1. Set the bar at 26 Å for Cα to Cα. Now go through LYS8/LYS217; LYS8/LYS41; LYS67/LYS225 and name every pair that lies beyond it.
2. Helix-only mean residue ellipticity at 222 nm, the chain, DSSP H runs n ≥ 4 weighted -39,500 (n - 2.57), per residue, nearest 500. What is it?
3. If you count the DSSP beta bridges with both ends in the chain, what percent of them are antiparallel, to the nearest 5?
4. Of the labelled options (1) 23.5, 89; (2) 21.0, 83; (3) 20.7, 72, which one gives Rg and Dmax of the Cα atoms in Å as computed for this structure?
5. Taking only Cα atoms and a 10 Å spring cutoff, compute GNM fluctuations for the chain and point out the largest among LYS73, LYS217, LYS197.
6. Among PHE43, PHE144, PHE298, determine the one that fluctuates most according to a GNM of the chain built with springs between C-alpha atoms less than 10 Å apart.
7. Are any of the pairs LYS195/LYS322; LYS71/LYS155; LYS195/LYS229; LYS155/LYS197 more than 24 Å apart by Cα-Cα distance, and if so, which?
8. For region 14-54 and region 270-344, what is the separation of their C-alpha centers, rounded to whole Å?
Amino acid sequence: MKLVTYKKNNEQRLGILYNDFIFDLQNSGRKLKLKLPSTMKEFLEGENATMRLAKKVFTEIKKGNIKSELKLKSVKLLSPVPNPTSMRDGYAFRQHVETARRNRGVPMIPEFDQYPVFYFTNHNAVFGEGIIEVEDDHLQQLDFELECAIVIGRKGKNIPAEKADSYIAGYMIMNDWSARVLQMEEMKLNLGPAKGKDFATSLGPWLVTVDELEPYKISTPYGNKYDVKMIARHNGKQISDGNLKDMNWTFAELIERASYGVTLYPGDVIGSGTVGTGCYLELNGTWALEAKSKGEEFKPIWLQDGDEMELEITGLGVLRNKIKKSKVSRSILAKKKLVNSNTD
């Protein structure tokens, strides 16, 4: 089942996507005398009970017993989860971490293989498909990050990895937009990514329930993985090629770590971290080393005003966004205080 949040009369509505038609969940439920919510937030808060009811509605939709005239192409899709209760982003792909560190001339950090890590990002700056408006400083080495994300569907605390997959409501594509100059500036102080990340995260185009990914499932003692291809296109040109099965830490292990001593709530989002080859920070470093070995010049590639990014994951769809610079110019980098290098 694919769940979408769409805009209707300036209102968020929750629907089921089927055969390129959107079936409003609340209105469809009424036809079966089932009480269902109108928003994703309320839906997730209902946990397993609302999921079971939604699947009953979906069964009748597939039988042709519920009709819709609302075509997918006629509506504005928002992030499937427009207002996450929180948003964490993991660091689960060893290939990305190891390659990025190699490109910077530093050794692989051994702690990566000892425990999964994550950081909190801004759950109030979430977007679906469409325009991503950025400021001047964001365009200084603006980057994409190709990721998968899960949404928590059940409240829980101290969740063991062997049970954690049952807490996942569904999967979706995630683009963790990154302003690298801002990010690297702040991380010199051992904090961040902060302003390098908090301006935008794209999620979508829909939330795919766990059962739909069953054909791709790989069971492991540490939780489920999925053999689904992950690719990115910049202005129509493919630049990334990865697979979700290459996660070195499963979502179940990320959930176990995140829920240690802390309650996870329905609507919490957890990202996988960047897949190998899934950002220009990594790609530029690799291409620079290759050019150097050939004695060639290399100019790094970053996203520009007007550029389009497409992220695609098998079974999860395609998430499309276009970068647009804000009309008013602003720079937080220009606010830096001058440091007097003279000392007494």
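1. Numbers: LYS8/LYS217 35 Å; LYS8/LYS41 16 Å; LYS67/LYS225 35 Å.
Flagged as over cut-off: LYS8/LYS217; LYS67/LYS225.
2. Numbers: 8 runs with 74 residues, N = 344.
Result for the chain: -6000 deg cm²/dmol, rounded to the nearest 500.
3. Working: 58 of 68 bridges.
Approximately 85 percent, going by the DSSP bridge assignments.
4. (2)
5. LYS73
6. Among PHE43, PHE144, PHE298, the largest GNM mean-square fluctuation belongs to PHE298.
7. From LYS195/LYS322; LYS71/LYS155; LYS195/LYS229; LYS155/LYS197, over 24 Å: LYS71/LYS155; LYS195/LYS229; LYS155/LYS197.
8. Region 14-54 and region 270-344 have Cα centres separated by 38 Å.
Coordinate-derived values only; no laboratory data. Please read all numbers here as calculations on a predicted model, not as lab measurements.
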